[in-house]
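J.: Take this structure first; my questions come after.
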């Protein structure tokens, strides 16, 4: 069981006291505390530090942790230049990169797609085309042409080869019925955030059914807040949702898994997602000092997985 941390690199966090240096220091601290991975998001609408730029800095600031995007929006970037940048980042990190990707969220992502001149209507086909193109460019065969459903190239330049043969794993951050089929057939991992563990378990079964024995890493994106007082913890989640999404907790919790309680209770709730192999934690706190306190509490999930998460998993299956 791998445990990862989403870095506080959005505009709301920066306006709450975070700096570029403190974000980097937090990644270093998380590595020291035993976290297995460090992640960063991607959005023009919510104004985040550009993820590939941040991860390039962390590639030299850290030594062991996996570095990932959760999730990158490939449609916002030139596909060939992005393949080059990601291959370069994989080289800089010594093969520690995972590329979580998404096709955008209806009702939120349309403006950023329009800004970059990409049709939101064809977002899914375009995403699959981009990932297929990347894998061909990273294959070492130096393809010269590519013709997909949306992307067409009659000439392609050679691309620097990633540190990892074939390129970094690409995980799909989506849980629609079509996404489950696509995750099984062509992606290396699955990164959803369903509030109902049964939805995750059922979705994973569909993915395995379409993978035909091909390995697909089951992961989970979870927002958490450690607090022994349930009312105070719920208020923290409420404040985070209102500040980050401009939506109430009741709305967000119908879409995303949101957990509060003592760290043992958080472990038990996460343990209900049977089959998960990698859990990415987003701490529902914007301010630097309380975030750091939360991080120290959550380190128990990395230091004692056998007595916390694995026990919970065994009880849930």
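The values are calculated or read from the model by the stated rules, or taken from the named source; none is laboratory data. As the structure is a prediction and not an experimental result, all values here were calculated from the model. Glycine also receives a Cβ, built like all others from the backbone with ideal geometry; neighbour counts cover every protein chain displayed.
J.: List pairs: first residue in the range 146-174 and free of Cβ contacts under 8 Å to residues at least 40 places away in the same chain and on the phi > 0 side of the Ramachandran plot, second residue buried (at least 18 other Cβ atoms within 10 Å of the Cβ) and in a loop (DSSP other than H, G, I, E, B) anywhere in the structure, Cβ distance under 8 angstrom, at least six positions apart or on different chains.
T.: Pairs that qualify, where the first residue is free of Cβ contacts under 8 Å to residues at least 40 places away in the same chain and on the phi > 0 side of the Ramachandran plot and the partner is buried (at least 18 other Cβ atoms within 10 Å of the Cβ) and in a loop (DSSP other than H, G, I, E, B), are 166/138.
J.: Go through the range 90-121 and count every residue that is touching a strand residue (DSSP E or B) at 6+ places or on another chain (Cβ under 6 Å) and either closer than 20 Å to residue 159 by Cβ or not in a loop (DSSP other than H, G, I, E, B) (or both).
T.: Matching residues across the range 90-121 total 8.
J.: Keeping to the range 264-284, report how many residues are in contact with a strand residue (DSSP E or B) (Cβ under 7 Å, 6 or more places away or on another chain) and either assigned to a helix (DSSP H, G or I) or within 19 Å of residue 249 (Cα to Cα) (or both).
T.: Residues meeting the conditions: 7.
J.: Same structure, new question: Assess whether residue 70 counts as being modelled with pLDDT of 95 or more, under 21 Å from the mean Cα position of the chain (by Cα) and surrounded by fewer than 23 Cβ atoms within 10 Å (Cβ to Cβ).
T.: It is false that residue 70 is modelled with pLDDT of 95 or more, under 21 Å from the mean Cα position of the chain (by Cα) and surrounded by fewer than 23 Cβ atoms within 10 Å (Cβ to Cβ).
J.: Given the condition in contact with a strand residue (DSSP E or B) (Cβ under 7 Å, 6 or more places away or on another chain), closer than 25 Å to residue 90 by Cα, assigned to a loop (DSSP other than H, G, I, E, B) and modelled with pLDDT of 95 or more, answer yes or no: does some residue in the range 124-142 qualify?
T.: no
J.: Just the residues that are in a loop (DSSP other than H, G, I, E, B) and either at pLDDT below 95 or in contact with a strand residue (DSSP E or B) (Cβ under 7 Å, 6 or more places away or on another chain) (or both), please, taken from the range 243-261.
T.: Across the range 243-261, the qualifying residues are 246, 247, 256, 257.
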